[in-house]
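Let me begin by presenting the structure, written as structure tokens, before commenting on it.
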Amino acid sequence: MTCKHMNFDASVDVCRIEDKGRFMAEIRIHCKDCGVPFQFMGLNPGLDFNGATVSLDGLEANIGIHPQGQQPNPLQKLMGYSINKTN
């Protein structure tokens, strides 16, 4: 019988990019019942400290993150808010 993928397990690791002073969230998801990993769709492969990318096999999403207040949030960007000194 084929698994209906009703239960999931997700892991998030935070990676510190020491020489850049930046951080990345590394996300993986798999079915808790059968163990099949899930692929992330709609993301380009590569590395982007200011956005979201996916590993070459599609199984890990990598998202640039930063502590609150160090960069404008999405609403502030829409309002034209800017910060001049960033990493």
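General observations
- Whichever residue in segment 66-87 is surrounded by 14 or more Cβ atoms within 10 Å (Cβ to Cβ) and either touching a strand residue (DSSP E or B) at 6+ places or on another chain (Cβ under 8 Å) or over 17 Å from VAL14 (Cβ atoms) (or both) and, among such residues, is modelled with the lowest pLDDT: PRO72
- For ASP13, the conditions (1) out of contact with any Cys (no Cβ under 7 Å at 6 or more places or on another chain); (2) surrounded by 13 or more Cβ atoms within 10 Å (Cβ to Cβ); (3) modelled with pLDDT of 95 or more are fulfilled apart from (2).
- Taking the criterion of being part of a loop (DSSP other than H, G, I, E, B) and touching a strand residue (DSSP E or B) at 6+ places or on another chain (Cβ under 6 Å), the residues of segment 4-35 that qualify are HIS5, LYS32.
- Any hit, segment 20-38, residues being of a type in the set (Gly, Ala, Ser) and modelled with pLDDT of 95 or more: yes
- If you go through segment 47-65 and keep only what is under 26 Å from CYS3 (Cα atoms) and either modelled with pLDDT under 95 or not charged (D, E, K, R) (or both), you end up with VAL54, SER55, LEU56, GLY58, LEU59, ALA61.
- Selection within segment 16-46 - in contact (Cβ under 8 Å) with a residue 12 or more places away in the chain, surrounded by fewer than 11 Cβ atoms within 10 Å (Cβ to Cβ) and farther than 19 Å from HIS5 by Cβ: LYS20
The values are calculated or read from the model by the stated rules, or taken from the named source; none is laboratory data. Because the structure is predicted, anything quoted here is derived from the model rather than measured. A quick note on method: Cβ atoms are made from the backbone with ideal geometry, for glycine too, and the neighbour counts reach across all protein chains shown.
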